[in-house]
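Chemist: Sharing a structure here in structure tokens format.
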Amino acid sequence: MHFVHRVRTIWSWLPAFRAVAEAEHLPTAAQELGIVPSSLSRTVKQIEDEIGIPLFDRTSKALVLNQAGRTLVAAVREAMRIVDDALGTAVGDDLVGHVGAVASGDLVHTVLIPAGASLAASHPSLALSALAGGTAEISEILLRGDADAAVVTRTIAAHVDLRVTELVTWTRSVYARTPRTDTAEHRCVVVGTPTEPLDDGWPSELDRRIAAWAPDERAALELCARGDLVTVAYDAVVRRCGFADRLVRWPDPPIAPRTIHLVQRRAVGRHRRTEALVEAIRIAATVVD
């Protein structure tokens, strides 16, 4: 059949195409593969000639994947993962090797590290690579195949090759070093930067003055533990931050809870390593000490 011939013809070129597609830069991809850029350029041209359409929009300085290229590289990633899983199953080591997960700094400590400990206990031949990344980076990290799952607190942009499911709903509260007083205005630590919109759930009717910005909730909590400041934080993050005994949870103002989401690449077939990772993540996110 024609499609069998076409796939057989381009099969050996696909790893090189994937490297170029992910780097969108011939010298970088060539260095990764240990070959010269001109050879890599010829390989890409051979694939395009064989299938009859361009896969990149070419500029004077870069190769930029077009829609056809994005479709093909997504399929190549999935095909390579399926083959890798099949090889593992064939030799009886489908739960051997590495799995990767990515999350924000708070969720790395609160969810991914405990998940890694759980994997080490239940699947001693399976190692977790825990990556820290911002919400804007997570989609690309997953699509490149650098991670198998992500845990996010904020909604990511919809993508046909990503699947988002609810993981757990976490409560949030206001924390400080001392109990609440009748102060008219509260001095707060906010996670983020002055250029980002405020999104910590602080009630709009309650006055506050932003006294500091922090890169994540753990840093904000430490600032509060060291001084007379307050912050909004997930109760789960506080329980695992290492200095919860130096903080007081205020009973009010009430802060709305937030749903934590799990993000995965859409998969064809079963990936047992990813399944083991996701189960460990679910347990870690649900059972917080």
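The values are calculated or read from the model by the stated rules, or taken from the named source; none is laboratory data. Everything quoted here is computed from the prediction, not taken from an experiment. Methodologically, a virtual Cβ is constructed for each residue, glycine included, from the backbone with ideal geometry; neighbour enumeration extends over all protein chains shown. The protein model used for the area step is the full one, side chains on, heavy atoms only, and it has no ligands, DNA or RNA in it. Shrake-Rupley method; radii C 1.70, N 1.55, O 1.52, S 1.80 Å.
Chemist: Residues in region 247-269: is at least one open to solvent by 80 Å² or more (accessible area, probe 1.4 Å), part of a loop (DSSP other than H, G, I, E, B) and more than 12 Å from Leu107 (Cα to Cα)?
Modeler: There is at least one residue in region 247-269 that is open to solvent by 80 Å² or more (accessible area, probe 1.4 Å), part of a loop (DSSP other than H, G, I, E, B) and more than 12 Å from Leu107 (Cα to Cα).
Chemist: So, one more: Keeping to region 182-195, report how many residues are modelled with pLDDT under 85 and either surrounded by 10 or more Cβ atoms within 10 Å (Cβ to Cβ) or touching a Lys or Arg at 6+ places or on another chain (Cβ under 8 Å) (or both).
Modeler: Number satisfying all stated conditions: 2.
Chemist: Open to solvent by less than 60 Å² (accessible area, probe 1.4 Å), part of a helix (DSSP H, G or I) and at pLDDT 80 or above: is that true of Ala121 in this structure?
Modeler: no
Chemist: Six or more apart or on different chains, Cβ atoms under 7 Å: show the pairs whose first residue is in region 4-28 and open to solvent by 20 Å² or more (accessible area, probe 1.4 Å) and whose second is assigned to a helix (DSSP H, G or I) and of a type in the set (S, T, N, Q).
Modeler: Here the result reads Trp13/Thr43; Trp13/Gln46; Leu26/Ser41, each pair linking region 4-28 to a residue that is assigned to a helix (DSSP H, G or I) and of a type in the set (S, T, N, Q).
Chemist: I need every pair where a residue in region 142-170 that is outside any loop (DSSP other than H, G, I, E, B) has its Cβ under 9 Å from the Cβ of a residue that is charged (D, E, K, R) and at pLDDT 85 or above, sequence separation at least 6 or different chains.
Modeler: Final answer for the pair search is Leu142/Asp148; Leu143/Arg70; Leu167/Arg282; Val168/Arg282; Thr169/Arg258; Trp170/Asp235; Trp170/Arg258.
Residue-wise test of (1) charged (D, E, K, R); (2) at pLDDT 85 or above.
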residue	(1), (2)
Pro27	no, yes
Gly34	no, yes
Pro37	no, yes
Val44	no, yes
Asp49	yes, yes
Thr59	no, no
Val83	no, no
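Chemist: Of all residues in region 33-82, which are among the small types (Gly, Ala, Ser), exposed (fewer than 15 other Cβ atoms within 10 Å of the Cβ) and over 29 Å from the mean Cα position of the chain (by Cα)?
Modeler: Selection gives Ser38, Ser39, Gly52, Ser60.
Chemist: Within region 158-179, track down each residue that is within 19 Å of Ala212 (Cβ to Cβ) and of a type in the set (Lys, Arg).
Modeler: Hits for region 158-179 are Arg172, Arg177.
Chemist: Scan region 208-217 and give yes if some residue there is at pLDDT below 95, in contact with a Phe, Trp or Tyr (Cβ under 9 Å, 6 or more places away or on another chain) and closer than 20 Å to Thr171 by Cα, otherwise no.
Modeler: Yes, there is a match, as at least one residue in region 208-217 is at pLDDT below 95, in contact with a Phe, Trp or Tyr (Cβ under 9 Å, 6 or more places away or on another chain) and closer than 20 Å to Thr171 by Cα.
Chemist: Moving on. Do you know which residues across region 148-158 are modelled with pLDDT under 90 and either under 11 Å from Gln264 (Cβ atoms) or crowded, with 17+ Cβ neighbours inside 10 Å (or both)?
Modeler: The answer is Asp148, Thr153, Ile156.
Chemist: Scanning region 98-118 for residues that are open to solvent by 10 Å² or more (accessible area, probe 1.4 Å) and outside any helix (DSSP H, G or I), which turns out farthest from Arg240 (Cα to Cα)?
Modeler: Selected residue: His98.
Chemist: Related question: Can you confirm whether Arg273 is at pLDDT below 90, within 23 Å of Ile156 (Cβ to Cβ) and outside any loop (DSSP other than H, G, I, E, B)?
Modeler: yes
Chemist: Looking for something of a type in the set (Ser, Thr, Tyr) and in contact with a Lys or Arg (Cβ under 6 Å, 6 or more places away or on another chain) - is there at least one such residue anywhere in region 115-123?
Modeler: no
Chemist: Kindly indicate whether Ala136 is in a helix (DSSP H, G or I) and aliphatic (A, V, I, L, M).
Modeler: Against the criterion (in a helix (DSSP H, G or I) and aliphatic (A, V, I, L, M)), Ala136 qualifies.
Chemist: Please specify each residue of region 196-218 satisfying the condition of being touching a residue at least 40 places away in the same chain (Cβ under 8 Å), of a type in the set (A, V, I, L, M, F, W, C) and surrounded by fewer than 18 Cβ atoms within 10 Å (Cβ to Cβ).
Modeler: Leu206
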